[in-house]
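Enquirer: Before we start, here is the structure in question, set down as structure tokens.
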Amino acid sequence: MEPNETEKLENLRKLISLYFNRSKSNNNKSDVYTTQVNINYYEIGCVITNMIKMCILTLDNEGDKRSSTNKNPINVSLVLEMVLEMFPINEFELLSEINQMFVADN
């Protein structure tokens with residue numbers, strides 16, 4: 001393996017150790033509880049996409065309003081908060097770093 005390729009692999013290992021840390025601690029003493037769900041990124045993307053589609057449909061059909069026919073409205077802001085929590089921003093940062101590392105050479 002060429003020295004440049006070895007250096008790239010070592011940089012990649014360092015980036016992975018920085019960004020792919022699954023343990024997220026909640027150090028504050030609030031009533032917020034977090035859970036870790038181990039699913040792959042395709043599944044996360046599908047869940048997030050479906051949640052956003054549900055919010056759009058809910059808002060378009062006024063499903064977030066309480067009425068005589070809709071006894072249990074959907075709390076769109078709560079769903080969107082969940083989407084933000086699920087969004088793998090650290091991993092996207094890692095992918096950007098990897099992209100920059102490999103595109104810079106071309």
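Enquirer: Could you list, in sequence order, the residues of the range 56-91 that are in a helix (DSSP H, G or I), surrounded by 12 or more Cβ atoms within 10 Å (Cβ to Cβ) and under 17 Å from the mean Cα position of the chain (by Cα)?
Expert: Passing the criteria: 79, 80, 82, 83, 86, 90, 91.
Enquirer: In addition: Give just the number: which of (1) at pLDDT below 65; (2) within 26 Å of residue 93 (Cα to Cα); (3) of a type in the set (A, V, I, L, M, F, W, C) does residue 1 not satisfy?
Expert: (2)
Enquirer: Follow-up question, since we're still on this one. Do any residues in the range 75-98 that are closer than 28 Å to residue 63 by Cα have Cβ atoms under 8 Å from those of residues that are in a loop (DSSP other than H, G, I, E, B), where the two are at least six apart or on different chains, and which pairs are they?
Expert: So the pair list comes out as 75/64; 76/64; 85/34.
The values are calculated or read from the model by the stated rules, or taken from the named source; none is laboratory data. Note that this is a predicted model, so its numbers are computed, not measured. Ideal geometry is used to build each Cβ from the backbone, glycine not excepted, and the neighbour counts take in all protein chains shown.
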